[in-house]
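Data block below; observations after.
The values are calculated or read from the model by the stated rules, or taken from the named source; none is laboratory data. Keep in mind that this is a model prediction, so the values were computed, not measured. So basically every Cβ, Gly included, is an ideal-geometry build from the backbone, and we count neighbours across all protein chains shown. Only protein heavy atoms, including side chains, enter the accessible area calculation; ligands, DNA and RNA are left aside. Shrake-Rupley method; radii C 1.70, N 1.55, O 1.52, S 1.80 Å.
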Amino acid sequence: QVQLVESGGGLVQAGGSLRLSCAASRSIFNFGAMGWYRQAPGKQRELVANIMSAGSTNYADSVKGRFTISRSDAKNTVYLQMNSLKPEDTAAYYCNAATILRGYWGQGTQVTVSS
């Protein structure tokens, strides 16, 4: 078991930046992948970015070049730096920790980008 707590969401104007943090209750070293997902009202949850235990990263096409995912195993924390935010980035953002058996979710943090 692991508890994931997201923080850093809020209201920002288009073009602005936010940094989301996901603090885990135990070591994240053994999770195969740590990721950020988002869900806008009326839409399905989608992958924003993930980072593997070896450090490789994947991004949704819509955020490439604007968002950066990183992890600190020493702090048991995953970050999502979001730059050049757009109104279409507005959503609840969720942290995910995945093993080959299951994934764990945080409670989410709201990001709202005004035009």
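Below are the figures for this structure:
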{"item": "Members of the range 34-54 that are farther than 25 Å from Ser114 by Cα, surrounded by fewer than 17 Cβ atoms within 10 Å (Cβ to Cβ) and in contact with a strand residue (DSSP E or B) (Cβ under 9 Å, 6 or more places away or on another chain)", "result": "Met52, Ser53"}
{"item": "Any pair with Cβ under 6 angstrom, 6 or more apart, that starts in the range 92-115 at a residue that is more than 20 Å from Val2 (Cβ to Cβ) and ends at one that is aliphatic (A, V, I, L, M) and open to solvent by 10 Å² or more (accessible area, probe 1.4 Å)", "result": "Gln110/Ala92; Thr112/Leu11; Val113/Val12; Val113/Ala14; Ser115/Ala14"}
{"item": "The range 55-69, subset of a type outside the set (Asp, Glu) and part of a loop (DSSP other than H, G, I, E, B), residue surrounded by the most Cβ atoms within 10 Å (Cβ to Cβ)", "result": "Val63"}
{"item": "Any hit, the range 97-106, residues being among the hydroxyl-bearing types (Ser, Thr, Tyr), out of contact with any Leu (no Cβ under 6 Å at 6 or more places or on another chain), open to solvent by 40 Å² or more (accessible area, probe 1.4 Å) and farther than 12 Å from Leu18 by Cα", "result": "yes"}
{"item": "Unmet requirement for Phe29, which otherwise passes all of (1) in contact with an Asp or Glu (Cβ under 7 Å, 6 or more places away or on another chain); (2) under 27 Å from Ser115 (Cβ atoms)", "result": "(2)"}
